[in-house]
Amino acid sequence: MENAKQQTGVPENAFRELKKGEQYEPLMSPERTYKEVTVWSVLWGMLMAVVFSAASAYLGLKVGQVFEAAIPITIIAIGVTGATHRKGALGENVIIQSIGACSGMIVAGAIFTLPALYILQDKYPEMTVNFIEVFIASVLGGVLGILFLIPFRKYFVKDMHGKYPFPEATASTQVLVSGEKGGNQALPLLVAGVVGGIYDFIIATVGWWNESVTSRCLEWGQALADKTKLVFKINTGAAVLGMGYIVGLKYALIICCGSVAVWWIIVPAISWLFPDLVVSAGSSSVTASQASAEQIFQYAKSIGIGGIAMAGIIGIIKSWGIIKSAVGLAAKEMGGKSNVEASMKRTQRDISMKIIAIGSIITLLLVFLFFYFDVMQGNLTHTIVAILLVAGIAFLFTTVAANAIAIVGTNPVSGMTLMTLILASVVMVAVGLKGPEGMVAALVMGGVVCTALSMAGGFITDLKIGYWLGSTPAKQETWKFLGTIVSAATVGGVMIILNKTYGFTSGALAAPQANAMAAVIEPLMNGVGAPWLLYGIGAVLAVILNFCKIPALAFALGMFIPLELNVPLVVGGAINWYVTSRSKDAALNAERGEKGTLLASGFIAGGALMGVASAAMRFGGINLVNDAWLQNTWSEVLALGAYAILIFYLIKASMKTK
């Protein structure tokens, strides 16, 4: 029966630790049944998966980061249910969000690795890449991530109640609750989406002002860059600014400090101390003294890669207790205690552990067949080694991904995947798989692992939202598989279109993460020594940072993501700090912060969607950008002016809560 008098706000103990003997009662009572999986919720969830998969793929390839689609999808869900006067739709909205949020999870897994296949194809034309390979790697990785995470659900969402902040899940839950209260919060998101969309559309499609501003636009800045390799850069896009707001000032500063360490300390130091060091090898070798700051950065960011790998290992060590307890819990539930499962509350009922075990075995078998017949070209030894690596790494790093999402709302999946690629490359070379064939194998393996970890990390957000509101976990888990298939198909198609339109090696879609992946495995698979010294320096740095209680993963990520993409994160984070600290009234500050989150989500969604629209126009032969104007210094001056207006709008609109 539908609960006619359900409460419209989460209980006061939703976000704090429970006292001894205290129980959490969700918004939707465990003793009642609600509309959750309906034709309405499934169709809208699939539509959101398609739309946000396309948007996330574009933005991720553009800036190397994928926004979590949970908040925008949540707001759209309450908007359409409010517009159609649909009653008792809270359970349906959770399902819409859960299916739709597959978009960001699949995208993060696919775009950080699989575009590297296209990047390397430019150098090795014998390499072949097709839609089916991208689709299968994404689907199998996504399914594996869902299956591996479910045994950990109770630990993260119930046993650790109030101990993890779950920033993304908290924001989405509050939006869903506001929808039950009236749903007018969809309006600020819509307005911000239009503002951010038009702003980024002007940049990408019309080119009225430059997307990035650099110190080179000034005469003294160019001289400084030539002599000392010191360069300042900032991306002025709306979507990246919005992302910075949601990340927050603390982590934005840590990420940016990683960038500053490389761009303003290590890069100039390499040029000064090792002028004859070869830092770039293409058609001709370039020494540090002759290279640009950007070319030296491509060499120096290997320190960041080493830091990311070590940070991932530290994360596994810290999570070992979680892994053991979750496996033990799953083993007990597989002991045939059907009476326990039958008497379990609706809000704590997962897919049967027997089904999880059988499903995991079948999925790993499908991965094995995919590797054997397609990737490894029928080599049994290579296939066995590959499946052991993929299964082991994906399972062990599942807790690291979920833990990161629970604490900071950001999944460090790219860093964990880099470690996977390094390990896979070394092991596969050891068993005799080298060259272009080895590169394809390592990248597809990395794609499966990356998607699995991305799905595992993101799915814990959905399950936490469901826990707070009172959804049925088994229904969320079951229909997550559909969202995975839809998102994988969309991402594969969008990736192919964007590659044909822009290309991944230069220009508008630089695909920084995928380029980093390609740079890691190419020397390893060609028998050339990788920069192990730089990796080692990064690893030692990660250990030191961890010892100093500084998030090593965030710092290391900043070391290999370009400076211009990290500086606007600090700008967005600073806006977040400003609007949430102007009043002595904590409740007012919190309300302003939530309003800013809605606006920032609008910037992200609108800017990314317009980026996809711009790519579609270019794919159709429509290009309105005047490249000569963008080379003019005044295009960067105008960009700063437009950026200042955008920042002013975000601040003023966030602080206006009435």
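The values are calculated or read from the model by the stated rules, or taken from the named source; none is laboratory data. Only a predicted model underlies this, so the values are computations on that prediction, with no experimental measurement involved. So basically every Cβ, Gly included, is an ideal-geometry build from the backbone, and we count neighbours across all protein chains shown. With ligands, DNA and RNA removed, areas are computed over all heavy atoms of the protein, side chains included. Shrake-Rupley method; radii C 1.70, N 1.55, O 1.52, S 1.80 Å.
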Which members of region 613-645 meet the condition of being surrounded by fewer than 17 Cβ atoms within 10 Å (Cβ to Cβ) and not hydrophobic (A, V, I, L, M, F, W, C)?
Gly620, Gly621, Asn623, Asn626, Asp627, Gln631, Asn632, Thr633, Gly641
Out of Leu624, Leu569, Leu638, which single residue is out of contact with any Leu (no Cβ under 6 Å at 6 or more places or on another chain) and part of a loop (DSSP other than H, G, I, E, B)?
Leu624
For region 338-356: of the residues being open to solvent by 80 Å² or more (accessible area, probe 1.4 Å) and outside any helix (DSSP H, G or I), which is modelled with the highest pLDDT?
Arg349
Residues of region 302-329 satisfying the condition of being open to solvent by 10 Å² or more (accessible area, probe 1.4 Å) and either not hydrophobic (A, V, I, L, M, F, W, C) or not in a helix (DSSP H, G or I) (or both)
Ser302, Gly315, Lys318, Gly321, Lys324, Ser325, Gly328
Within region 411-443, count every residue that is surrounded by fewer than 24 Cβ atoms within 10 Å (Cβ to Cβ) and closer than 30 Å to Gln97 by Cβ.
0
Determine, yes or no, whether Phe201 is surrounded by fewer than 22 Cβ atoms within 10 Å (Cβ to Cβ), aromatic (Phe, Trp, Tyr) and closer than 29 Å to Val520 by Cα.
no
Is there a residue in region 146-169 that is at pLDDT 90 or above and hydroxyl-bearing (Ser, Thr, Tyr)?
no
Could you tell me which residue of region 303-337 is farthest from the chain's Cα centre (by Cα), considering only residues that are modelled with pLDDT under 80 and under 21 Å from Leu565 (Cα atoms)?
Ile305
Which numbered condition Tyr251 misses (of (1) modelled with pLDDT of 85 or more; (2) in a helix (DSSP H, G or I); (3) closer than 20 Å to Ile647 by Cα):
(1)
Would you check which residues across region 284-300 are open to solvent by 10 Å² or more (accessible area, probe 1.4 Å) and either assigned to a helix (DSSP H, G or I) or in contact (Cβ under 8 Å) with a residue 24 or more places away in the chain (or both) and list them?
Ser292, Glu294, Gln295, Gln298, Tyr299
Which of (1) outside any helix (DSSP H, G or I); (2) free of Cβ contacts under 8 Å to residues at least 40 places away in the same chain; (3) not β-branched (Val, Ile, Thr) does Leu433 not meet, given it meets every other one?
(2)
Tell me which residues, restricted to region 184-221, are within 19 Å of Val567 (Cβ to Cβ) and part of a helix (DSSP H, G or I).
Gly196, Tyr199, Asp200, Ile203, Ser215, Arg216, Cys217, Gly221
Of (1) touching a Phe, Trp or Tyr at 6+ places or on another chain (Cβ under 6 Å); (2) more than 18 Å from Ile303 (Cβ to Cβ); (3) open to solvent by less than 20 Å² (accessible area, probe 1.4 Å), Gly258 satisfies every one except (2)
Hey, could you check region 561-595 for residues that are of a type in the set (S, T, N, Q) and free of Cβ contacts under 8 Å to residues at least 12 places away in the same chain and say which is surrounded by the most Cβ atoms within 10 Å (Cβ to Cβ)?
Asn589
Out of (1) part of a helix (DSSP H, G or I); (2) over 29 Å from Cys217 (Cα atoms); (3) open to solvent by 20 Å² or more (accessible area, probe 1.4 Å); (4) not small (Gly, Ala, Ser), the odd one out for Phe648 is which?
(2)
Across (1) within 25 Å of Leu609 (Cα to Cα); (2) open to solvent by 10 Å² or more (accessible area, probe 1.4 Å); (3) at pLDDT below 90, Glu133 clears everything bar (1)
Do any residues in region 444-473 that are farther than 20 Å from Ala171 by Cα and buried (at least 24 other Cβ atoms within 10 Å of the Cβ) have Cβ atoms under 7 Å from those of residues that are at pLDDT 90 or above and among the β-branched types (Val, Ile, Thr), where the two are at least six apart or on different chains, and which pairs are they?
Met445/Val390; Val448/Val367; Val448/Val390; Val449/Val390
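So that you can scan it fast, the table gives a plain yes or no per residue for (1) hydroxyl-bearing (Ser, Thr, Tyr); (2) at pLDDT 85 or above; (3) part of a helix (DSSP H, G or I); (4) open to solvent by 10 Å² or more (accessible area, probe 1.4 Å):
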position: Ala57; (1), (2), (3), (4): no, no, yes, no
position: Val66; (1), (2), (3), (4): no, no, no, yes
position: Pro72; (1), (2), (3), (4): no, no, yes, no
position: Ala77; (1), (2), (3), (4): no, yes, yes, no
position: His85; (1), (2), (3), (4): no, no, no, yes
position: Glu92; (1), (2), (3), (4): no, yes, yes, no
position: Ile95; (1), (2), (3), (4): no, yes, yes, no
position: Leu120; (1), (2), (3), (4): no, no, yes, no
position: Tyr124; (1), (2), (3), (4): yes, no, no, yes
Of the numbered conditions (1) β-branched (Val, Ile, Thr); (2) part of a helix (DSSP H, G or I); (3) open to solvent by 10 Å² or more (accessible area, probe 1.4 Å), Val279 satisfies every one except a single condition; which is it?
(2)
The lone condition Ala14 fails out of (1) open to solvent by less than 20 Å² (accessible area, probe 1.4 Å); (2) at pLDDT 85 or above; (3) small (Gly, Ala, Ser); (4) over 30 Å from Arg618 (Cβ atoms) is (2)
Search result, residues across region 555-579 that are within 25 Å of Ala590 (Cα to Cα) and modelled with pLDDT under 90
Leu569
